[in-house]
Amino acid sequence: MEPSDQFTTYQVLQRHGVDRRDFLKFCTQSAAALGLSAAFVPKVVAAMETKPRIPVLWLHGLECTCCSESFIRSSHPIAQDILLNMVSLDYDDTLQAAAGFQVEEIRRKIMKDYKGQYLLAVEGNAPTKDGGVYCTVGGESFLKVLQETAADAKAIVAWGSCASNGCIQAARPNPTGAMPVRKLITGKPIINVPGCPPIAEVMTGVLTYILTFDALPELDRQGRPKMFYGQRLHDKCYRRAFFDSGQFVEAWDDEGARKGWCLYKMGCRGPTTFNSCSTFKWNCGQGWPVNSGNPCIGCAEDNFWDNGPFYQRLSNVVVPGIDSTPDQIGKTLTVIAGVGVGAHLITMAARKQASKLKTPEDGPGQAGEKE
Ligand code: SF4
Ligand code: SF4
């Protein structure tokens, strides 16, 4: 790993054999993922061609490394190249080949040479009990390393639920006093990119936005980029029609499960979870948990481990535009369906009666027509 350089993303990609066609394709896909019109594609291209790569220091605290796994296993090959080349990843104690005091020196050198310019990426959180002894890096507590590295960062990206909201480490009873980045660092812009892990395309999108516009994306009240966390999974879920019509899976292997009905009653958190899983999906856009018949467990929301047991349905989910919970909808629809069936039978009986009254002069296919 080389210390930060002044190469642009495109120059580095060229060195890695990425041709211009693939590069432009990636820029177009990135602009679309950011919700930008085609008119913005040249802006994305220009940024990647002309702006020096952002120096990034990537720290790892209490975590399982699933964010890095997601990041380096992006579905699209060109996206994967971009991910690893669009930033100047100067320190990453999981990916770097070097170890020991030399790499800690590189971290401090980047902090000094790029004061106020580097991006601090944080994966995992920091235990605060007993002086932070439950997670140490290079002989220092991770808490200290985090605070030291954050001091001169331009901005901080908190990757994943651990860094954004604490995840399982901070769930009750939180024996190590684990805390997410935003509770430990003040006075710095912090972008939370939660998910366990976050989607690779979302991670790329956040970096592309920062590189293209030299600004941070608009954030919601949990500090998440609105462009990726602005909609509930439920809004784009392909099972939504079943939710709306009150058709729910009631047991893992029931008829509804086989028919792919809505998983709300099996504990799906889609109605209250803001993320892009139902849009970008996972594994080359092949699917997401709901595709496999598993409910969303709401990993992109604050305190999701403490928000009641998984696989237990949410109570009182309000459906926009309808003043009912899904249970009420189900009951109402049962009644409506009953009324509908009744009405259908009455109609059929009336038609039968009418057909008996018709004469042959009424024309073919009418009198006495078969049902
Ligand atoms: S409750 Fe879950 S499965 Fe049902 S429509 Fe919403 S997101 Fe999809
Ligand atoms: S489907 Fe739900 S639990 Fe799964 S990654 Fe998306 S937000 Fe997290």
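All of the numbers you see were taken from the coordinates with simple rules; none came from a lab. Not measured: the values here are computed from a predicted model. Cβ placement follows ideal geometry from the backbone for every residue including glycine, while neighbour counts extend to all protein chains displayed.
Most exposed first by the Cβ proxy, i.e. fewest other Cβ within 10 Å, how do Thr94, Thr8 rank?
Values: Thr94 14, Thr8 18.
The fewest-first ordering by Cβ neighbours comes to Thr94, Thr8.
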Residues whose modelled amide H sits under 5 Å from the amide H of Thr136, counting only those 5 or more places away in sequence or on another chain, are Phe142
Find the centroid of the Cα atoms in segment 161-188 and in segment 204-258, then give the distance between the two in whole Å. 23
Relative to a virtual label point 7 Å from the Cα of Asn174 in the Cα→beta-carbon direction, which members of segment 48-73 show backbone nitrogen distances below 19 Å? 61-64
Which of Asp253, Asp113 comes first, and how do the rest follow, when ranked by fewest Cβ neighbours within 10 Å? Asp253, Asp113
Using modelled amide H (1.01 Å from N, peptide plane; none on Pro or chain starts), what sits under 5 Å from the amide H of Asn192, excluding residues fewer than 5 places away? Ala158, Arg224
Electrostatic dipole magnitude of segment 9-229 [Cβ: Lys, Arg +1; Asp, Glu -1; Cα centre; debye, to 20]: 480
Ranked list, fewest to most other Cβ atoms within 10 Å of each Cβ, for Glu105, Glu63, Glu301: Glu105, Glu301, Glu63
